[in-house]
Amino acid sequence: MKIGITCYPTYGGSGIVATELGMELAARGHEVHFITYSNPIRLDAGLPRIYYHEVEVSTYPLFQYPPYDLALASRMAEISEWQNLDLLHVHYAIPHSASAFLARAMQQSTRRLPYVTTLHGTDITLVGSDRSYLPITRFSIEQSDGVTSISENLRQQTFDVLGVRKDIRVIHNFVNCDLYRMAKEPHEGRPRLLHISNFREVKRITDCVDILARVREEVDCELWMAGDGPDRGAAERLAFELDVHEHVRFLGKQNHIERLIPQCDMLLLPSRMESFGLSALEAMACGVIPVATRVGGVPELITHAVNGFLEEVGDTRAQSKRVLEVLTNPELRNKMKWAARDTAESRFCTTKIIPRYEAFYQEVLDI
Ligand code: GMT
């Protein structure tokens with residue numbers, strides 16, 4: 001198949017899933033065309049059958065807000081025609097789904113250009129439910145030729161919050177289990193906690209610092225913070241206030257997260273909301289045990305006290321206790337890290353999930 005993929009190319013779970021999906025599809029013989037405003041961060045554009053088409057948004061004094069969604073629709077329409085694409089697959093409903101709707105409508109009458117929309121989370125739970133975007137989000141989702149959601153919980157929320165009346169196929173996030181592997185040797189030095197995100201408010205990254213301070217009352221350990229975003233300053237300030245700043249390393253945005261994760265012992269994911277929790281899955285594939293919050297689709301991945309822990313949002317005391325439980329009990333740690341790896345391998349490996357996307361595309365094309 002010839003597939004056009006659009007996503008947010010910057011740091012964020014939806015862009016990562018879209019990029020890795022594209023690369024996996026290309027590895028399986030499909031031709032994949034990324035149509036985005038910059039090169040997706042994890043994209044290896046040197047791979048065979050991968051193409052990148054930039055969306056240029058020109059500005060004009062009249063435009064207080066340059067119309068990116070229109071530039072995207074134009075680019076989608078022309079690339080689809082020039083490259084003879086079979087379908088468009090857009091990740092994150094706003095505004096990509098509406099742009100794909102326009103691109104589809106712009107095709108010559110003899111040409112069919114179906115589009116698939118994948119819902120990732122905040123496109124429904126935060127932005128999509130905002131009154132200014134709700135009608136167009138619902139419309140462009142319902143107009144899609146196929147809709148997928150990355151968890152059962154998000155599927156249900158799309159019905160409940162947005163009132164969408166259309167079938168939605170659940171296709172969970174995935175991980176490449178050959179790339180994301182357990183460390184061969186234990187790392188040197190003290191235990192290491194890890195957090196990975198784009199440091200937005202919804203991620204509650206200051207909770208990670210609070211958890212570190214609590215754990216450090218009993219066990220000497222450090223915290224690695226991978227990523228960047230608006231709440232970094234608040235986390236740094238709290239680290240000073242709690243006198244743990246010497247034990248927190250802000251690593252910035254990381255391109256090879258698969259090299260970083262195996263150097264850590266536990267992953268913290270204290271989010272207020274999480275439709276799935278891709279970073280927890282990536283950690284689990286490396287045998288790094290997650291301590292997360294019981295929100296959204298996370299329980300579809302983590303089974304409490306088996307392959308990770310689930311605690312209430314904001315309860316840093318309970319979350320730090322779970323960290324201590326693992327760090328002070330090598331037997332429990334060993335059992336849980338293998339259970340985590342097994343979950344990733346048996347349910348969420350690319351080998352299991354990518355064929356589900358391929359089958360879904362075929363269904364859409366066959367309609
Ligand atoms: O929240 C993020 O880190 C980014 C966000 C996005 O939409 O880019 O992530 C969402 O999509 C990921 C990939 O499908 C999911 O694993 C995350 O759970 C989801 N984030 C939220 O729901 C907050």
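The values are calculated or read from the model by the stated rules, or taken from the named source; none is laboratory data. Values in this document were obtained by computation on a predicted structure and should not be read as measured data. Ideal geometry is used to build each Cβ from the backbone, glycine not excepted, and the neighbour counts take in all protein chains shown. With ligands, DNA and RNA removed, areas are computed over all heavy atoms of the protein, side chains included. Shrake-Rupley method; radii C 1.70, N 1.55, O 1.52, S 1.80 Å.
State which residue is farthest from Val244 (Cα to Cα) when the search covers only the range 148-198 and only residues that are within 16 Å of the ligand (Cβ to nearest atom), open to solvent by less than 40 Å² (accessible area, probe 1.4 Å) and over 17 Å from the mean Cα position of the chain (by Cα). Show your work before the answer.
Initial filter on the range 148-198 (within 16 Å of the ligand (Cβ to nearest atom)): 148-158, 160-162, 168-176, 180, 194-198.
Adding the requirement that they be open to solvent by less than 40 Å² (accessible area, probe 1.4 Å) leaves 148-151, 154, 158, 162, 168, 170-176, 180, 194-198.
Now narrow it down to the ones that are over 17 Å from the mean Cα position of the chain (by Cα): 158, 162, 168.
Working: Thr158: 41, Leu162: 43, Ile168: 45 Å.
So the residue we want is Ile168.
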### Query
What about Leu72, is it surrounded by 22 or more Cβ atoms within 10 Å (Cβ to Cβ), modelled with pLDDT of 95 or more and part of a strand (DSSP E or B)?
no
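Keeping to the range 75-94, report how many residues are under 19 Å from Thr19 (Cβ atoms) and open to solvent by 20 Å² or more (accessible area, probe 1.4 Å). Outline the logic, then answer.
The initial filter retains those residues of the range 75-94 that are under 19 Å from Thr19 (Cβ atoms), namely 75-76, 79, 83, 85, 87-94.
Going one step further and asking which of them are open to solvent by 20 Å² or more (accessible area, probe 1.4 Å), we end up with 75, 83, 92, 94.
Total satisfying the criteria: 4.
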### Pair list, Cβ under 7 Å, 6 or more apart: the range 199-216 residue open to solvent by 10 Å² or more (accessible area, probe 1.4 Å), other residue part of a helix (DSSP H, G or I) and among the small types (Gly, Ala, Ser)
Thr206/Ala234; Thr206/Ala235; Arg214/Ser320
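Anything in the range 102-111 that is surrounded by fewer than 23 Cβ atoms within 10 Å (Cβ to Cβ) and assigned to a helix (DSSP H, G or I)? List them, or say none.
Kept after step one, since they are surrounded by fewer than 23 Cβ atoms within 10 Å (Cβ to Cβ), are these residues of the range 102-111: 102, 104-111.
Across the range 102-111, the qualifying residues are Leu102, Arg104, Ala105.
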#### Entry: Hits in the range 233-246 (condition: closer than 20 Å to Leu269 by Cβ and open to solvent by less than 60 Å² (accessible area, probe 1.4 Å))
Ala234, Ala235, Leu238, Ala239, Val244
### Task
Restricting attention to the range 287-309, report how many residues are among the aliphatic types (A, V, I, L, M), open to solvent by less than 10 Å² (accessible area, probe 1.4 Å) and farther than 11 Å from Glu274 by Cα.
5
### Query
Under the condition of being open to solvent by less than 70 Å² (accessible area, probe 1.4 Å) and either more than 15 Å from Leu162 (Cα to Cα) or among the charged types (D, E, K, R) (or both), which residue from the range 119-142 is farthest from the ligand (Cβ to nearest atom)?
Glu142
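Which residue out of Leu25, Leu47, Leu43, Leu85 is assigned to a helix (DSSP H, G or I) and out of contact with any Pro (no Cβ under 6 Å at 6 or more places or on another chain)?
Details: Leu47 fails: assigned to a helix (DSSP H, G or I); Leu43 fails: assigned to a helix (DSSP H, G or I); Leu85 fails: assigned to a helix (DSSP H, G or I).
Just a single option satisfies the conditions, and that option is Leu25.
Being of a type in the set (Val, Ile, Thr) and modelled with pLDDT of 95 or more is the filter; apply it to the range 1-15 and report the residue that is farthest from the ligand (Cβ to nearest atom).
Taking the range 1-15 first, the residues of a type in the set (Val, Ile, Thr) are 3, 5-6, 10.
Narrowing further to those that are modelled with pLDDT of 95 or more: 3, 5-6.
Details: Ile3: 18, Ile5: 14, Thr6: 13 Å.
Across the range 1-15, the extreme among qualifying residues is Ile3.
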### Query
Is one or more of the residues making up the range 155-169 in contact with a Leu (Cβ under 7 Å, 6 or more places away or on another chain) and not assigned by TED's automatic domain parsing to the domain that holds Ile257?
yes
